[in-house]
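Chemist: Below: one structure in structure tokens.
Derivation of every value follows stated rules applied to the coordinates shown; laboratory data play no part. It should be emphasised that the depicted structure is a prediction, and the values quoted were computed from it without experimental measurement. Heads up, the Cβs are rebuilt from the backbone with ideal geometry, glycines too, and the neighbour counts pull from every protein chain shown.
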Amino acid sequence: MICMKNLVILISGGGSNMAAILKAAQTQRWVDTLGAQVAAVISNRPDAKGLELAKAQGVATAVVNHLSYPSRDAFDQALMDSIDTHNPVLVVLAGFMRILTPGFVSHYDGRLVNIHPSLLPAFTGLHTHQRALDAACKFAGATVHRVTAELDHGPILEQAVVPVLPDDDADDLAARVLTQEHLIYPRAIAKLLRGAV
């Protein structure tokens with residue numbers, strides 16, 4: 001029997017990057033070509049719109065509501081328990097808006113990836129597009145990286161660059177960057193699954 005490589009995707013909202021990954025998995029036939037599948041999508045928010053999208057694609061979903069736990073450590077432990085039922089080779093953060101504890105990051109060492117809407121190491125944290133505009137950057141972009149205990153650090157796996165146009169506001173720039181996120185995140189994941197990184 002072939003052992004399938006399972007991915008678990010974590011989301012907090014609409015899940016557009018999750019949707020791009022699911023589409024790539026389907027159109028590129030990851031089950032056949034990489035022996036891999038998205039086994040589950042888990043959210044910390046019960047109202048995350050991406051959960052319905054995942055269900056419609058036939059992917060198992062779960063909610064681990066961070067508001068139900070007395071501490072960050074307790075939430076992270078419950079989240080790990082939910083993730084580990086799927087025995088994932090990769091845990092993919094796709095708009096998962098929680099800062100994870102060092103214990104969580106350590107538990108998935110080498111298996112945890114994230115996408116960030118800037119050209120790391122520039123503009124870690126929030127409000128990246130406005131900060132790029134305020135700094136008069138000529139270019140912005142997105143970065144796929146391995147997750148370490150330090151926020152928005154870790155080895156870079158893939159980047160995409162977009163121009164900053166003269167009349168851009170933060171929303172314009174965010175939309176342009178997002179189109180590239182949807183391209184590079186599935187590509188980086190496929191490379192990891194092939195062992196090419």
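Chemist: How high is the relative contact order of the chain, in percent, with contacts defined as C-alpha pairs under 8 Å that are six or more residues apart?
Modeler: 20
Chemist: Read phi for every residue in segment 94-106 and hand back ³J(HN,Hα) as whole Hz from Karplus 6.51 cos²θ - 1.76 cosθ + 1.60, θ = phi - 60°, with x for Gly and Pro.
Modeler: Computed from phi, the couplings for segment 94-106 are 10, x, 8, 9, 9, 7, 8, 6, x, x, 5, 4, 5 Hz.
Chemist: Moving on. Taking H as built 1.01 Å from N, whose amide H comes closer than 5 Å to the amide H of residue 38, not counting residues under 5 places away?
Modeler: 7
Chemist: When ranked by the protection proxy of mean other Cβ atoms within 10 Å per residue, highest first, what sequence do the peptides 21-30, 92-101 form?
Modeler: Values: 21-30: 17.1, 92-101: 19.8.
Going by the mean number of other Cβ atoms within 10 Å, highest first, we get 92-101, 21-30.
Chemist: Do you know the relative contact order of segment 90-197, to the nearest whole percent, from alpha carbon pairs under 8 angstrom that are 6+ apart?
Modeler: On the way: 169 pairs, mean separation 26.3, N = 108.
Averaging sequence separation for qualifying contacts and normalising by length gives 24 percent for segment 90-197.
Chemist: Moving on. Please list, in order along segment 124-141, the HN-Hα scalar couplings obtained from phi with the Karplus expression 6.51 cos²θ - 1.76 cosθ + 1.60 (θ = phi - 60°), rounded to whole Hz, x for Gly and Pro.
Modeler: Coupling constants for segment 124-141: 5, x, 9, 6, 5, 5, 5, 5, 5, 5, 4, 8, 6, 5, 8, 9, 9, x Hz.
Chemist: If you count the DSSP beta bridges with both ends in the chain, what percent of them are antiparallel, to the nearest 5?
Modeler: The answer is about 35 percent antiparallel.
Chemist: Amide H to amide H under 5 Å from residue 10: which residues, 5+ apart in sequence or cross-chain, H placed 1.01 Å off N in plane?
Modeler: HN-HN under 5 Å from residue 10: 42, 92, 93, 94.
Chemist: What's the angle, to the nearest 10 degrees (0 to 90), between helix 170-194's Cα axis and the longest principal axis of the chain?
Modeler: 40
Chemist: Which residues' amide hydrogens lie under 5 Å from the amide hydrogen of residue 108, considering only partners 5 or more residues apart or on another chain, with H built in the peptide plane?
Modeler: none
Chemist: Sticking with this one: Tell me, what HN-Hα J-couplings in whole Hz come from the Karplus equation 6.51 cos²θ - 1.76 cosθ + 1.60 at θ = phi - 60° for each residue of segment 155-168, using x for Gly and Pro?
Modeler: With the stated coefficients, segment 155-168 comes to x, 7, 9, 6, 9, 10, 10, 10, x, 9, 8, x, 9, 5 Hz.
Chemist: Rounded to the nearest 20 debye, what is the charge dipole size of segment 103-197 about its Cα centre when +1 sits on each Lys and Arg Cβ and -1 on each Asp and Glu Cβ?
Modeler: Approximately 560 debye in magnitude.
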